[in-house]
1. Scan the stretch 222-248 residue by residue and report those that are among the aliphatic types (A, V, I, L, M) and outside any helix (DSSP H, G or I).
2. Restricting to the stretch 234-278, count the residues that are in contact with an Asp or Glu (Cβ under 7 Å, 6 or more places away or on another chain) and surrounded by fewer than 23 Cβ atoms within 10 Å (Cβ to Cβ).
3. Where residues in the stretch 117-166 are acidic (D, E) and modelled with pLDDT under 95, which of them is surrounded by the fewest Cβ atoms within 10 Å (Cβ to Cβ)?
4. Please state which one of G326, G353, G293, G310 is within 26 Å of E160 (Cα to Cα) and surrounded by 13 or more Cβ atoms within 10 Å (Cβ to Cβ).
5. Can you tell me which residue among D376, D386 is charged (D, E, K, R) and under 30 Å from A97 (Cα atoms)?
6. Could you list all residues from the stretch 448-478 that are closer than 22 Å to D51 by Cβ and not in a helix (DSSP H, G or I)?
7. Considering only residues that are in contact (Cβ under 8 Å) with a residue 40 or more places away in the chain, crowded, with 16+ Cβ neighbours inside 10 Å and more than 18 Å from V495 (Cα to Cα), which ones fall in the stretch 399-424?
8. If A92 meets every condition in (1) more than 21 Å from L466 (Cβ to Cβ); (2) hydrophobic (A, V, I, L, M, F, W, C); (3) outside any helix (DSSP H, G or I) apart from one, which number is that one?
Amino acid sequence: MSDRDDNQFGANTRSRSVRGRGARFRGTPSGVEAFESEFTDSVRRANPSVDALALVGEPDPISAAAAFRRAAGDPDLAVCISDWCPVLLTSARPHQAADRLADLASSRREAGRPLEITQTPALPIVLGSSDFLGRLLLRHLEWSDDLSGVTPSAPEAISEQADWSGIRAEKYRALLRIAARDLVGRPFVESLTELSDLADGCLAAAAALTVRETGSDEPTVFALGKLGGRELNFSSDVDLMFLYDSPGGGRDPVRGQAASTFIRHFKKHLEEPSPDGFLYRVDLGLRPEGAAGALAQSIDSALSYYEVSGADWERQMLIRLRTLSGPPALGTEFHESIRPFVYRRSIDPSAIGAVREMKDRIESERRESGRDLEADLKEGPGGIRDVEFLVQSFQLFWGARNAALRTGNTLDGLAELTRQGLLPEATAAQLSHAYLWLRRAEHALQMADERQTQRFPREPAAQLRLARRMRYTDPAGDVARTRLLDDWQRYRGEVRAHFEDLVLRVNS
């Protein structure tokens, strides 16, 4: 990347003076602990240090000091200041988090459920990282108890007997636990699995409820995209495809209409808003014939479509095909029947060329539409898509002869490419580390207010909030922000270099 690219996000020499102010804290646990201890003592004295709040990057340190003073004055919080004060100090929103914590303590006390921070140590960092989870905790006071233990437990299975409001409540209660587990530092890769398992459970419960409410038979439901690969985002669409069995072969108007009735009801209730939120946005655009096609196809019609009209991008898309629910035999049949289309028997160098052309086209179209690709975690140069497309190009090239490569999961694909000797171990390790960092950044952005975004912020204040959610806990805010920007440039540079070497520059 150019020098201009390295500096455009603000990672420049302006931070040197701030590095000097924060130098005694960085890399010295005793210095950090002393800083936190000094601030905590100032809060105990009902005189929170405005200078400390300014140093961590709080935009309104005077108001933030008042919020900390208010929280410390709550009887249930006053006895455990050291358990929440240091955490909030280096969170994404110290001011708002202190106010939210005081509100929550007061509300729980009034409800006869006094808050015990010592039993729920993850609560402060959740409040400091996510506005929407803070609102949920105030709306459902008992949910705070789910955060017990040093690392809250993984979400429980979704009941298939729940109604729509019950499924939504279970989803958001589970999201709370997943976010808390992320924020206290458990391996991030577990988040991708937990979010995918949560969606699987919600969708299965929604399908069962749709059958009960419509009387329609359930078609077989397939996941595509990140859900298909079991690496779902914190706030994401779910890409789905529906197929039904047609004993006579071809299209069956009666079964097709019944499946369409099922799908419309299913999609409507998944996307229906509530005070807490919604279940999932459903994207049906990857089905055969796209928006012009029927909502559900018979298995024979779908196979015929791919045989006659299937495009290279659809081969790539179907790598992540996974059966979710519905008649399992049909799911197995479709997987086996579509495999020759996805993984061609003859090694075809054009597979990598098709991936390269698709990525070029995506970037060109996004730039023409005015998208700021240099700040796009997903589709920009060196972003998430570069890693995914690199892995998928190898899968399309080698997958017909090597069944072990047929996985929809990006990290599993990288690991298998290394085991098969198709990708150097050092290259796969760099790509895996970079992919996980990019996905963590994506989750941290979406966790703030459950908004589907992959835009890396350009505004310094937003960059600092992202750094804090990713646990860059340097006391000096500008140091934390600069470290974030350094890592952003390094990881996307590594990814793009590997993508160019292994995909963009490969010719047939």
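The values are calculated or read from the model by the stated rules, or taken from the named source; none is laboratory data. Source: prediction; values computed, not measured. Here the Cβ is made from the backbone with ideal geometry for all residues, glycine too, and neighbour counts use every protein chain on show.
1. A223, L224, L232, V238, L240, M241, L243
2. Total satisfying the criteria: 10.
3. E156
4. Just one listed residue meets the conditions, G326.
5. Result of the check over D376, D386: D376.
6. Y472, T473, D474, P475, A476
7. Within the stretch 399-424, G399, A400, R406, T407, G408 meet the criteria.
8. (1)
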